[in-house]
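Visitor: Take this structure, written in structure tokens, and hold onto it; I'll ask about it next.
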Amino acid sequence: MTDVKVPDIGDFQDVPVVAVLVSVGDTVAKEDPLIELESDKATMEVPSSAAGKITEIRVKEGDSVTQGDVILVLEGADAEEGEDAPKEKTEERAKADSPAPKAAEGTASGSGDLHAEVVVLGSGPGGYSAAFRAADLGKKVVLIEKYASLGGVCLNVGCIPSKALLHAAKIVTETEEMSSHGLKFQKPEIDADGLRSWKNDVVKQLTGGLAGLAKQRKVTVVHGWGEFTGANSISIETEDGAKTVTFDQCIIAAGSEAVKLPFVPHDDPRVVTSTGALELDPIPKRMCVLGGGIIGFEMATVYDALGSDVTVIEMMDQIIPGCDKDIVKPLQKRMEKRMTIRTKSKVTEVKSGDDGLTVTWEDAKGETTTETFDKMLVAVGRTPNGKKIAADKAGVQVTDRGFIEVDHQQRTNANHIFAIGDVVGQPMLAHKAVHEGKVAAEVCAGEKRAFDARVIPSVAYTDPEVAWVGMTEEQAKQQGIKIHKGVFPWAASGRALSNARSEGITKLIFDPEDDRVIGGAIVGTNAGDLISEVALAIEMGADAVDLGHTIHPHPTLSETVNFAAEMFEGTITDLMPPKKK
């Protein structure tokens, strides 16, 4: 008989058992899940340390357990595989299974308050992914974060809180628009404090979960601003004073910050970046959004729904630059009914006054317009933090623009230091950083890994959403690349019509040589979720027939990807197929 005990689960005591996943008499293999625990808003399954037949279960739902407590008893278990295995054999097996470590170029010199085999500077999605992956691979990890909570800009003041507010905005606009379909609601009462509190609760749930995951993995977290002081050391300004962390290897995940313009009075509290805009303090009567890119237009969508009179000023000839104009058009057409959009326009002056912010801009014809607003959001891009962390003191080269150049393994010019995310270049997207972070962590642990993504999708979580991946039609035109395309209008989608949102379009770009998918773009409800199928098709080298012959559930919006492929093939039956050229 072998006792299966609660393994090392980090610095946790009396962790609640939320589910028992097996029964007496079951036969389990090693690593099969036995129970599920929950702590600090994070859940984890406890696997069996051995194979055998369960003769007794010592815990039940609602019990609390600690490391070393007996979960159950196994009959016929191999002692070497269980908790009672000889320590020497277990260690030998662990060494044999571990990848050969890659020696760091430098080793820690001098003394510090903490030492890490791997230190990660920044805990955004890329940073915490890198830290957790390195810890899972057996590394002693220190994670440094400037915010009071883990998650970096994305979770604290970026991706997550903005999506919460966008969800609220969509509810407001949907109830308004249903009045023409037989459902009339009273005009909503906007409680900014309540909305802000809910948004903050969403953030706390996610950041609290990260804290729990860090604890489980025994990742040491240090809060404060960190800067390099040498090739193997970082100084951190914490609430308790300066601390020094020494390291063997480092992963820089320092992110970026909003660009500030010299002619804008950023010291005026009525001028905000996306961080300030998320506070809804206050919701202005008139708002100017400088920049019609993804961040600017998402926040314009929020403030419009909450009652502000919004004007968006964009220097380029379209909103959401980088995406094809035909995909952006349905969004712009819909939102022009709700707000003022000025493209091909350049703000030349912003003045602070008692009655508001006076903004002057010039259009493509050279004509100027001056209007006064209660608040201005400046969303004209982000700049990397490469020059703010004293990377040069570690021998890391930083470009004039603040980017850190890396190779396909995320390694900088200093062999023991890696960099990921916004600080290594465009696109500045959290999902790119996550994959880069895992690559860097695995290379630190001696694994043969490289960042080799064919494509990285982009999404504007506006209403409707806009998403694209791979080659765009405009890029192909500029580069002189011949392409074919299949376009399906959502006006022929049963699901889109039943959602009363038929303005969408799904477009696929094909290589004329072999009909493989090389790009795609979608505008419409949940486009950000739908674009993943196109990204996978490109990664897998799928062609039009692959997508056209894949059975999609009906009626769904995902069918539009299938239909776009059929439009290209000429096999569509939900519309008249286009004539072959």
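The values are calculated or read from the model by the stated rules, or taken from the named source; none is laboratory data. Just so you know, these numbers come straight off a predicted model, no measurement behind them. Ideal geometry is used to build each Cβ from the backbone, glycine not excepted, and the neighbour counts take in all protein chains shown. SASA here: full protein model, heavy atoms, side chains in, ligands and nucleic acids out. Shrake-Rupley method; radii C 1.70, N 1.55, O 1.52, S 1.80 Å.
Visitor: Considering only the range 568-579, I want to know if a residue exists there that is open to solvent by 10 Å² or more (accessible area, probe 1.4 Å), in contact with a strand residue (DSSP E or B) (Cβ under 9 Å, 6 or more places away or on another chain) and under 24 Å from Arg454 (Cβ atoms).
Guide: Scanning the range 568-579 turns up at least one residue that is open to solvent by 10 Å² or more (accessible area, probe 1.4 Å), in contact with a strand residue (DSSP E or B) (Cβ under 9 Å, 6 or more places away or on another chain) and under 24 Å from Arg454 (Cβ atoms).
Visitor: So, in the range 400-419, of the ones that are open to solvent by 40 Å² or more (accessible area, probe 1.4 Å) and without any contact (Cβ under 8 Å) to a residue 40 or more places away in the chain, which residue ends up farthest from Thr301 (Cα to Cα)?
Guide: Here the residue is Asn413.
Visitor: Could you tell me whether any residue of the range 513-532 is open to solvent by 50 Å² or more (accessible area, probe 1.4 Å) and hydrophobic (A, V, I, L, M, F, W, C)? Please lay out each step first, then the result.
Guide: So in the range 513-532, the residues open to solvent by 50 Å² or more (accessible area, probe 1.4 Å) come out as 513-516, 526, 529, 532.
With the extra rule that they be hydrophobic (A, V, I, L, M, F, W, C), the set shrinks to none.
Taking every residue of the range 513-532 in turn, none turns out to be open to solvent by 50 Å² or more (accessible area, probe 1.4 Å) and hydrophobic (A, V, I, L, M, F, W, C).
Visitor: Another question about this same structure. Of everything in the range 264-293, what is closer than 17 Å to Lys163 by Cα, open to solvent by 50 Å² or more (accessible area, probe 1.4 Å) and outside any loop (DSSP other than H, G, I, E, B)? Give them in sequence order. I'd like the intermediate steps shown before the answer.
Guide: If we filter the range 264-293 for residues that are closer than 17 Å to Lys163 by Cα, which is where we start, we get 273-280, 293.
Applying the additional criterion that residues be open to solvent by 50 Å² or more (accessible area, probe 1.4 Å) yields 275, 279.
Listed by number, the list holds a single entry, Thr275.
Visitor: If Ala496 satisfies every condition in (1) open to solvent by less than 20 Å² (accessible area, probe 1.4 Å); (2) in a strand (DSSP E or B); (3) under 22 Å from Thr571 (Cα atoms) but one, which is the exception?
Guide: Only one criterion is unmet by Ala496, namely (2).
Visitor: Separate question: Of all residues in the range 180-235 being part of a loop (DSSP other than H, G, I, E, B) and free of Cβ contacts under 8 Å to residues at least 12 places away in the same chain, which is most open to solvent (accessible area, probe 1.4 Å)?
Guide: In this case the residue turns out to be Lys187.
Visitor: Which condition does Pro384 not pass, out of (1) within 23 Å of Gly322 (Cα to Cα); (2) open to solvent by less than 10 Å² (accessible area, probe 1.4 Å), if it passes all the others?
Guide: (2)
Visitor: Anything in the range 129-164 that is assigned to a loop (DSSP other than H, G, I, E, B) and open to solvent by 20 Å² or more (accessible area, probe 1.4 Å)? List them, or say none.
Guide: Passing the criteria: Leu137, Gly138, Lys139, Lys140, Lys146, Tyr147, Ala148, Ser149.
Visitor: Taking into account only those residues within the range 303-358 that are assigned to a strand (DSSP E or B) and farther than 23 Å from Pro269 by Cβ, which is least open to solvent (accessible area, probe 1.4 Å)?
Guide: Ile341
Visitor: Take the range 1-25 and flag every residue that is crowded, with 16+ Cβ neighbours inside 10 Å and modelled with pLDDT of 75 or more. Explain how you work it out, then say what you get.
Guide: Taking the range 1-25 and keeping what is crowded, with 16+ Cβ neighbours inside 10 Å, we get 2-6, 9-10, 12, 15, 17, 20, 22.
Of everything in the range 1-25, those that are crowded, with 16+ Cβ neighbours inside 10 Å and modelled with pLDDT of 75 or more turn out to be Thr2, Asp3, Val4, Lys5, Val6, Val15, Val17, Val20, Val22.
Visitor: Scanning the range 420-460 for residues that are acidic (Asp, Glu) and assigned to a loop (DSSP other than H, G, I, E, B), which turns out least open to solvent (accessible area, probe 1.4 Å)?
Guide: Glu447
Visitor: Please indicate, with yes or no, whether at least one residue in the range 518-538 is out of contact with any helix residue (DSSP H, G or I) (no Cβ under 6 Å at 6 or more places or on another chain), without any contact (Cβ under 8 Å) to a residue 60 or more places away in the chain and in a loop (DSSP other than H, G, I, E, B).
Guide: no
Visitor: Hey, another quick one. Would you pick out the residues in the range 460-515 that are within 22 Å of Gly322 (Cβ to Cβ) and touching a His at 6+ places or on another chain (Cβ under 6 Å)?
Guide: Scanning the range 460-515 gives a single hit, Phe510.
Visitor: Mind listing just one residue for me: the one in the range 537-565 that is within 11 Å of Arg495 (Cβ to Cβ) and not hydrophobic (A, V, I, L, M, F, W, C) and, of those, surrounded by the fewest Cβ atoms within 10 Å (Cβ to Cβ)?
Guide: Applying the filter and picking the extreme gives Pro553.
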